[in-house]
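Okay, so here's the structure we're looking at.
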Amino acid sequence: MSLDIGSSAHLYRGVSLPMHVASRGRIAPKQQGPFEHEFTADSTLITVDNTSVTIGPSDRNAIHWHQLAQGHHPTSGISTTPHYERAVKYATWGGVPGVVYVINREGLDQCNVREFIVADHVPNPRVPEDDEVILVTPLGAPLPPSLIVRVLDVAA
């Protein structure tokens, strides 16, 4: 099978080898449930471009929440990038070997997986060079295995 690494038909997700093993090769969000968030009138609103968030729970708010600090603000979205090299960076973060999942972007609709291009919703993405695309499955389920085209081992 030929794989065009630079093709826009694919998205990539890099994870460390221990993370890959622990998940048994599944790509799942950190949290299950709907992809939405509701900001309140506390300090969280100050850190967001409040012209871009909405009143009440919404996926737009979830995109902003996902961007603020992914480790501390889990969502039911899955971070991906259209750039293989960026996925390799995340896979080998900390000098460990990892894997890069190659995801069939063209098959997302058939599997009811929504995609949100972060730059279309957030004026200043946290890591602009990632060109992050958040994938959202129904109710935060793992990404359907049929969308994973290939798993590539990458060295640290």
- Could you figure out which of (1) at pLDDT 70 or above; (2) surrounded by fewer than 20 Cβ atoms within 10 Å (Cβ to Cβ); (3) farther than 23 Å from Val154 by Cα; (4) not aromatic (Phe, Trp, Tyr) isn't true of Thr137? (2)
- Could you tell me which residue of the stretch 101-134 is modelled with the lowest pLDDT, considering only residues that are acidic (Asp, Glu) and either farther than 17 Å from Ser76 by Cβ or outside any loop (DSSP other than H, G, I, E, B) (or both)? Asp120
- Message: What's the total number of residues in the stretch 117-134 that are surrounded by 15 or more Cβ atoms within 10 Å (Cβ to Cβ), free of Cβ contacts under 8 Å to residues at least 60 places away in the same chain and under 14 Å from Arg60 (Cα atoms)?
- Response: 2
- Query: Which pairs have Cβ atoms under 6 Å, sit 6 or more apart or on different chains, and link a residue in the stretch 140-152 that is surrounded by fewer than 15 Cβ atoms within 10 Å (Cβ to Cβ) to one that is of a type in the set (Ser, Thr, Tyr) and in a strand (DSSP E or B)?
  - Reply: Val151/Tyr101
- Item | Subset of the stretch 64-94 (residues that are part of a loop (DSSP other than H, G, I, E, B), over 14 Å from Val15 (Cβ atoms) and modelled with pLDDT of 75 or more) | Pro82, His83
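The values are calculated or read from the model by the stated rules, or taken from the named source; none is laboratory data. If you're wondering where the values come from, they're calculated on a predicted model, not measured in any experiment. When we count neighbours, we look across all protein chains shown, and the Cβ atoms used for this are built from the backbone with ideal geometry, even at glycine.
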